[in-house]
Amino acid sequence: MMKRTALFAAHQKLGAKLVEFAGWEMPVYYTSIIDEHQAVRTAAGLFDISHMGELSVHGPSALAFLNGVLTNDLRKLSAGQGQYTLMCNEKAGVVDDLYAYRLGPEDFFLIINAARIEADVQWLRQRLAAFAGRKDVDLENASDQWAAVAVQGPKVVSFIDSCFDAASRPPSALRKNEIAPFQADGTSVLVSRTGYTGEDGFEIAAPAEAIEGLWNNILDIGRPCGVQPAGLGARDTLRTEACYPLYGQDLDEKTTPLEAGLGFFVALDKGDFTGRAILAEQKAAGTMKKLAAFKMAGRCAPPRPHYPVWSAREKPERIGEVTSGTQSPTLNIGIGLAYVPPQFAVPNTSINIEIRGQQAAATVVPKPFYRRP
Amino acid sequence: MSANVPSDLKYVKSHEWIRVTGDTVTIGITDHAQEELTDVVFVELPAVGRKVKIGEGCAVVESVKTASDIYAPVSGEVVAANDQLAKHPELANSAPYGDGWFFKIKLSDPAELGGLMSADDYSKQIAS
């Protein structure tokens, strides 16, 4: 039996096409994937992200504990700031990629992938049991209490403030990665200026019982600006264009953040953290594989996960596999990500993607495919 | 969403429709099929002149979500392939029974028409 978010009835009312994702029954689209993708790129899209997980970590040793299990440096964060970060195992393989917010000096809020909630909680509890200061850390899985939505697109900033009760510093004043509490019809919610689409936008965490009212309110208030509900299909095409990795496709326990090109979010100098030793080695010696972005050379069937990647040489060799791939609605060409040996990950390198038995020409390109104007 | 199933067409289990005009048939994918596929981004059509046997894979339709094989619902020779569809794959979504047609076959065995599903039978299939 699939799980349903607090917005399930709303999705049904909107005529969403529902599919299974990480054990949840979620909307893949309402009108069409491409239509919703274009709406986010030109106006605004509203996504249900309630299936994601929320963890609360607080206490005098919360910072020390988390900084020992996450790759990025939480000391960079003042209260009201967040950062993209990764959690690695001892082999530096990625357990999850996530956002860590500092709500207060000793108060942290982690947003984790829906498919990894159980794995992350188990991993963190294990790590906590071995942490010397564990009596000063409180770790709570608050995923069932929180629902969440993401409003993304260039027009969002023009109507987002009206979706909340008046505040001395409104949501539109939040800078990228900032988070703050607001009231929506008297209910306390958390709003961050973050997203997974490559557009400006906000993510809102609210108590499950308040989310449907908030969802309807956003659609009403944003209607003149063209806001549309958007599903997981568009979420995937948007994040692929922005070159954001998806855990389970581009990241897993057998890939390291450096192989994925996420070195910016790995603070080797902050002190010890799980996976640091291997990452330091990889930084010094280089990695055996790198996540490369590629574009198909012409009109052809789209590249998809697991399609083989071949070198475009006289004696072609199989050099890797597509991890994420799709037809880019914005660029109108096939795009994808694949792990290949580092020498092939250089922009302008020609490669071939095997699409249903045929070799299709592609070129490695710099990331991202799309950057908002 | 309830799909459109025109009563003047024939169907096969694999969600294609067939319009019979004398000894030539026009083939496309049904409204139900295009709904399931979501946005069609690429189609691969058989070459004109190719001989096909009933049940043989002869075309491919790719959507953002997935790739799907199209099977010849009857045996014969491909006499036309829809170039407009190749250039504008989204026609399969917007006009599945009209401008989104895929290809035409000249029948080699008209008796095969008897094995095709009626609109009623196809409607029952997609309702279950």
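The values are calculated or read from the model by the stated rules, or taken from the named source; none is laboratory data. Because the structure is a prediction, the values reported are computed rather than measured. Quick reminder, even Gly has a Cβ in these numbers, built from the backbone with ideal geometry, and neighbours come from all protein chains shown.
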| field | Among the candidates B:D8, B:D31, B:D69, B:D99, residue that is under 23 Å from A:I34 (Cα atoms), of a type in the set (D, E, K, R), surrounded by fewer than 16 Cβ atoms within 10 Å (Cβ to Cβ) and more than 13 Å from chain A (Cβ to nearest Cβ) | value | B:D99
| Which ones in the stretch B:1-60 are out of contact with any helix residue (DSSP H, G or I) (no Cβ under 9 Å at 6 or more places or on another chain) and assigned to a strand (DSSP E or B)? | B:R19, B:T21, B:T24, B:T26, B:I27, B:K51, B:V52, B:G57, B:C58, B:A59, B:V60
| said: Report every pair of residues separated by at least 6 positions or lying on different chains whose Cβ atoms are under 8 Å apart, first residue within the stretch A:300-325 and free of Cβ contacts under 8 Å to residues at least 24 places away in the same chain, second part of a loop (DSSP other than H, G, I, E, B) and buried (at least 19 other Cβ atoms within 10 Å of the Cβ). | reply: A:E321/A:Y307
| Limited to the stretch B:11-31, what total is found for residues that are over 14 Å from B:F102 (Cβ atoms), in contact with a Lys or Arg (Cβ under 8 Å, 6 or more places away or on another chain) and not β-branched (V, I, T)? | 1
| query | For the stretch A:30-75, what are the residues that are within 14 Å of chain B (Cβ to nearest Cβ) and either within 21 Å of A:F159 (Cβ to Cβ) or at pLDDT 95 or above (or both)? | reply | A:Y30, A:T31, A:I33, A:I34, A:D35, A:E36, A:H37, A:Q38, A:A39
| task | Determine if the stretch B:106-125 includes at least one residue that is within 14 Å of chain A (Cβ to nearest Cβ), surrounded by fewer than 22 Cβ atoms within 10 Å (Cβ to Cβ), under 30 Å from A:P27 (Cα atoms) and in contact with a Ser or Thr (Cβ under 9 Å, 6 or more places away or on another chain). | result | no
| remark: Of (1) in contact (Cβ under 8 Å) with a residue 40 or more places away in the chain; (2) over 26 Å from A:F8 (Cα atoms), A:N113 fails just (2)
| Where residues in the stretch B:53-66 are farther than 29 Å from A:P329 by Cβ, of a type outside the set (D, E) and touching a Phe, Trp or Tyr at 6+ places or on another chain (Cβ under 9 Å), which of them is farthest from the other protein chains (Cβ to nearest Cβ)? | B:I54
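What strands (runs of 3 or more DSSP E), lying completely within the stretch A:294-370, carry at least 2 residues that are within 16 Å of B:S63 (Cα to Cα)?
Qualifying strands (runs of 3 or more DSSP E): A:318-328, A:333-340.
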